[in-house]
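What follows is a single structure, written as structure tokens, with notes after it.
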Amino acid sequence: MIKSQSPVGAETDRMILQSDAALKQRIGRELMPGEEVRWSGRPARGLKLRPGDVPLVILGVMVLCFGIVVVCVPAPDLAPLLRRNPLVWPVALFLLFIGLTATLAGANLVFGRIIWDIVRRSRTVYAVTNRRAIILTDAIRSLTRSINLAAVSDVTLTERPDGTGDVMLGPFDWRSSLFVFPGAPFSTRRLPPTLESVPDAREVFAMVRHEAYTASARCLRTDTLEALELDEAAERQLAAELDPNERLLWAARPIQGLRFKASDVLAILYGLPCLAGGCLLELAAFLEPRAPLRSLLAILWGIPFVLIGAFVTFGRFPWDAKRRSRTFYGVTDQRVILVEGFLRTHIRSIGFGSSIELSFSEDAKDRGDVVLGSIAPLSLLSLRVFGWARAQQLAALLESVPRARDVYDLIRRARRAW
């Protein structure tokens, strides 16, 4: 790994990964005259499991069990009928088709997409220049993505404990993601450009943000912006994320402790039947010892319902409280910052040059939500019912902050002054 001196607000270290000859050659073919490579590298190799894989694996296990049940369970009963009545053959073939399709779909969600992800990352390289970010992928077909950094004002970092992480360039477009099948080849085209599983992700995030800020070549008139109240804990947490000469105008945290909302009633109404149905299915499986295969499949099928129902009904309240205790918000003279440190570090930076929608809502105690961007409906449902959702899909949600109207006005004035 090579260090080079380059200014990021003031003169700081920037990490540039040492590239092999093949990597340099591939990137060199993409460069334009006067374009300089600031960083180049590859995703981390091998198996990488993410928290978002958990619901997909659960769904895959359920679909896989359903396919196995449809194929295996009716077979002993259909065999005598097939010998006596040929008209049963279309029904048997239809059940076989449904069962095999569900089995293949479930196997893809559990195993196939993980294998595809390993292959795709092994054939991917990244580069960041003084003008753009480049993503080159040679899995099945060659795919090149070029992102103009001058147009990037929304940069998101998701950092893992080992220092690797994902740097996403641009906001999450939920309209495009509705038709992305998990694990399908080329599905990443519809998602925002992302530097996945890069080493030293925090340094790459800072460098990309600096290059995007420099490429936009704009200046903010900060003399018209007055600072609001700064929460001490949030100020300490955000201090490490600020660039030199960057001024913090507001810092706060969401409301702390257990919190109950009107939407919790609807969530519990969904959670209780799911929990009760899962428990009844498990009980029925244990009371049927004469069919061990059916009992085993029923047990596997019922476990996800029990887990989901218990989490939605009871577990999501302490989960949500813990998540909010590790969440911090800030507004500087250059951008809006969101930091979440629960399970893994997630940092999102949104420049004032962004043209995304700005809205807010407040309650009688002057607390409220300030939202930058449009929220995906499925992600909003996930947040309200399950107590969590991917921050990329939730736009930039400053949740339950004090003096929400003042924060909204501060961001609006900063965007107008940009």
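At-a-glance table
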| read-out | value |
| --- | --- |
| Sequence of Met168, Met32 once ranked by neighbouring C-beta atoms within 10 Å, starting from the fewest | Met32, Met168 |
| Extension reserve of the Phe286-Val265 stretch, reckoned as 0.36 nm per residue once the Cα distance is removed | 4.4 nm |
| Förster radius 25 Å - calculated FRET efficiency between Leu307 and Ile98, Cβ distance, rounded to 0.05 | 0.45 |
| Nearest-0.05 FRET efficiency for Gln25 and Ala139, computed from C-beta distance (R0 22 Å) | 0.75 |
| Exposure proxy ranking, count of Cβ atoms within 10 Å, fewest first, for Cys274, Cys65 | Cys274, Cys65 |
| Computed lengthening from Val91 to Arg412, 0.36 nm per intervening residue step minus Cα-Cα distance | 109.3 nm |
| Burial ordering of Leu242, Leu100, Leu109, fewest other beta-carbon atoms within 10 Å first | Leu100, Leu242, Leu109 |
| Label-to-label distance, nm, for residues given as Asp363 and Ala151 (7 Å Cα→Cβ offset) | 4.1 |
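Bear in mind these aren't lab numbers, they're just calculated from the coordinates by the rules spelled out. All values reported here derive from a predicted model rather than from experimental measurement. A quick note on method: Cβ atoms are made from the backbone with ideal geometry, for glycine too, and the neighbour counts reach across all protein chains shown.
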